[in-house]
Amino acid sequence: MKTLADLQAIKENLQSQMDLRNESHADTKIAVGMATCGIAAGARPVVTAFSDSVQEHKLHGVSVTLMGCIGLCSQEPIAEITTPKDGKVIYVKMTPEKAKRVVEEHIIGGNVVKEYTIDNNK
Amino acid sequence: MYRSQVLVCGGTGCTSSGSPAIIERLHEEIKKNGLEDEVQVVRTGCFGLCALGPIMIVYPEGCFYSAVKEEDIPEIVSEHLLKGRIVEHLLYKETVTENGIKPLNDTNFYKKQHRVALRNCGVINPENIDEYIAVDGYQALGKVLNEMTPEQVIQTILDSGLRGRGGAGFPTGKKWQLARTIVQDGGQKYVCCNADEGDPGAFMDRSVLEGDPHVVIEAMAIAGYAIGATQGYIYVRAEYPIAVQRLRIAINQAREYGLLGKNIFGKGFDFDLDIRLGAGAFVCGEETALMTSIEGKRGEPRCRPPFPAEKGLFQRPTVLNNVETYANVPQIILKGADWFSSMGTEKSKGTKVFALGGKINNTGLVEIPMGTTLREIVYEIGGGIPSGKKFKAAQTGGPSGGCIPTEHLDIKIDYDNLIAIGSMMGSGGLIVMDEDNCMVDIAKFFLEFTVDESCGKCTPCRIGTKRLYEMLHKITSGNGTLEDLDKMEKLCYYIKNNSLCGLGQTAPNPVLSTLRYFKDEYMAHVVDKKCPAGVCTHLLQYKIIEDKCKGCTACARVCPAGAISGSVKEPHSIDPAKCIKCGACMSKCKFGAIIKE
């Protein structure tokens, strides 16, 4: 290490990991239903897809958490995305591919992916 | 990417209550559930709430699991980490509310704290330099080397008002300035760190070294740049194995990264560090004795002046600061002197770490802004005294300090206020005592310690403390006279005024301050031959109240000395000649028939 820039590079590399430990850092939350119904419907790969995608795009202030059953077992896997702009949006019947698209269009792009939301899948 | 992190305390407190086994089990269970790529386990330094160890915190939810047992781990992993269902019954009670989980920083223990020196303890993995860098580590060193002259560094520390956290409270910037300017012959200078934390009940420095070793390394390099030194020594007690190990790891990592060694940041500044282990002598916490010990000689103090800033280690100009003092330095450089001096009181700036112990619910480590009252520390942060007992006094400064009685509970804690009431800041041990503590006995305890630890070089300390101890022993044995009290006080001042080093000069403080605030207890011992708190066994008698005794024989069976006699269903009695005053009968009696007086 010879310059401050080297120091900065190490810092940025670990930033998302350290962000996790700051309770107030996350203004955007991704919560995936991981109760028995969720797991049975394939929620595990969805969680992984979400966290990989967040990492890939080097997003700060985004947390990926799990949640229990919200009572809509037939619509699992369910993901609940909370952003400052759109508040809480519930996506249903998620897949890893859909998860990636949600990260790109909703979280990064700011446009809710309407076709996956609960309102359009009743 | 890890979506979740489990931080487990790896400080000495939690390590001894079983955190290594918990970490191992966590790894096993996480693997079993196939979560290795999603959940990371991080071993951190001390969180502070040692009484509730082992402690574990799960992010991003910020769930605080306390007093975790190994057998709880499968449930936490399969419920919380896999299914996202927080295991509420294992959470720290205070964080569970009707509206979900209260953040840790809002709990009584944490909300009044302000963490500067401890800011990374319990937050980062101390064995990973990258994590330290990720929380702005080594930025201050970079800033100093790239943007500041040594004079500017010293001026910043001076302006911040930082004073030595080892207890005496000498202005740190002043010390650095003297070491820079007194001798300017171009020869070697040294930077030393005092991590020989010897006060009974104090563990602030240990926790900083265990939880955030790099902060000390960074600050020492900054001090080196400021005074023009290229070599530093950390003098740490061998009784702190975890701290020593993490320091070693940290120094090696810093060397690998070129943050120690030659030409740091390409700015032509060389600095390296070595560790020296202390062999457990209390006197080696005294600065001149510490340096003598680093030189490889027997750890004995020497006369001051010349002060270390002029002739210190190997007779060369030396800066010696305490661990906690150093822990403040990088933050001051980064955030500025004004930020630091905005905290605290007029003459004591910043925060102070206290190791809270004794009769208190939340035993542990707290960092509070200077000027916080003792009442806030004991009753709000500390959670009060167990079993609803009454506060009697708090002891600060260990064997060199004194006690703060109830009437001073509302005093604002800073260097000068504590001196004014006959105690001292000390390194930060704060031992709370309740109505069951005998103050004469406490004074005797500390004197016994200093008698043991006096190095023997000067007579007032070597012989004076011994005589003082004997007088206290005489009083607690019930043989004291009023004349002894006067003699004792005189001897105290004699020792204070004539001893060579800080050890002897402060050794009588526990006696003087208890004499000042608890004269009535001394009088009870001397005149009435009673120990009001029921501690001094020579002045105690155990008795059975006939009316209350049912004759169950439980006491007679538990008595190790065979001092209790009586037949079944008849009141028993204790033979004072045989009684060894162990109290076993009293704790066994279900009817409250046994009293001590």
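A few notes on this one:
- The helices (runs of 4 or more DSSP H) found wholly in segment B:514-597 and carrying at least 2 residues that are under 38 Å from the mean Cα position of the chain (by Cα) and either buried (at least 16 other Cβ atoms within 10 Å of the Cβ) or of a type in the set (Lys, Arg) (or both) occupy B:519-523, B:584-588.
- Selection status of residue A:36, hydroxyl-bearing (Ser, Thr, Tyr), without any contact (Cβ under 8 Å) to a residue 40 or more places away in the chain and more than 7 Å from every other protein chain (Cβ to nearest Cβ): yes
- A single entry from B:136, B:130 fulfils the requirement of being out of contact with any strand residue (DSSP E or B) (no Cβ under 9 Å at 6 or more places or on another chain), in a loop (DSSP other than H, G, I, E, B), within 30 Å of residue A:1 (Cα to Cα) and within 14 Å of chain A (Cβ to nearest Cβ): B:136.
- Qualifying residue in segment A:1-19 (condition: at the interface with another protein chain (Cβ under 8 Å from one of its Cβ atoms) and in contact with a strand residue (DSSP E or B) (Cβ under 7 Å, 6 or more places away or on another chain)): no
- Within the option set A:99, A:49, being farther than 30 Å from residue B:267 by Cβ, more than 9 Å from every other protein chain (Cβ to nearest Cβ), assigned to a helix (DSSP H, G or I) and in contact with a Phe, Trp or Tyr (Cβ under 6 Å, 6 or more places away or on another chain) holds for one residue only, A:99.
- Matching residues in segment B:281-297 - criterion: being free of Cβ contacts under 8 Å to residues at least 60 places away in the same chain and not in a helix (DSSP H, G or I): B:295, B:296, B:297
- One residue alone among B:385, B:360, B:377, B:368 is farther than 24 Å from residue B:282 by Cα and crowded, with 24+ Cβ neighbours inside 10 Å, and that residue is B:360.
- Residues of segment B:452-475 that turn out to be surrounded by 21 or more Cβ atoms within 10 Å (Cβ to Cβ) and either over 16 Å from residue B:511 (Cα atoms) or modelled with pLDDT under 95 (or both), as a count: 2
- Within segment B:249-265, the only residue that satisfies the criterion of being out of contact with any helix residue (DSSP H, G or I) (no Cβ under 9 Å at 6 or more places or on another chain) and either closer than 19 Å to residue B:327 by Cα or more than 14 Å from every other protein chain (Cβ to nearest Cβ) (or both) is B:252.
- Unique residue being under 24 Å from residue B:325 (Cα atoms), out of contact with any strand residue (DSSP E or B) (no Cβ under 7 Å at 6 or more places or on another chain) and hydroxyl-bearing (Ser, Thr, Tyr) when the list is B:400, B:423: B:400
- Residues in segment B:475-497 that are over 17 Å from residue B:441 (Cβ atoms) and among the charged types (D, E, K, R): B:483, B:486, B:487, B:489, B:490, B:496.
- Residue within segment A:42-64 that is surrounded by fewer than 18 Cβ atoms within 10 Å (Cβ to Cβ), in contact with an Asp or Glu (Cβ under 6 Å, 6 or more places away or on another chain) and on the phi > 0 side of the Ramachandran plot present: yes
- Residue check, residue B:307 farther than 21 Å from residue B:165 by Cα, over 26 Å from the mean Cα position of the chain (by Cα) and in contact (Cβ under 8 Å) with a residue 24 or more places away in the chain: no
- Exclusive hit being within 22 Å of residue B:309 (Cβ to Cβ), touching an Asp or Glu at 6+ places or on another chain (Cβ under 7 Å) and not β-branched (Val, Ile, Thr), set B:270, B:274, B:205: B:205
- Single residue of B:71, B:29 found to be without any contact (Cβ under 8 Å) to a residue 40 or more places away in the chain, away from chain A (no Cβ under 14 Å) and more than 24 Å from the chain's Cα centre (by Cα): B:71
- The set of residues in segment A:71-107 being of a type in the set (A, V, I, L, M, F, W, C), exposed (fewer than 15 other Cβ atoms within 10 Å of the Cβ) and modelled with pLDDT of 90 or more is empty.
The values are calculated or read from the model by the stated rules, or taken from the named source; none is laboratory data. None of the values given here were measured: they were computed from a predicted structure. Here Cβ is always computed from backbone atoms with ideal geometry, including for glycine, and neighbour counts include all displayed protein chains.
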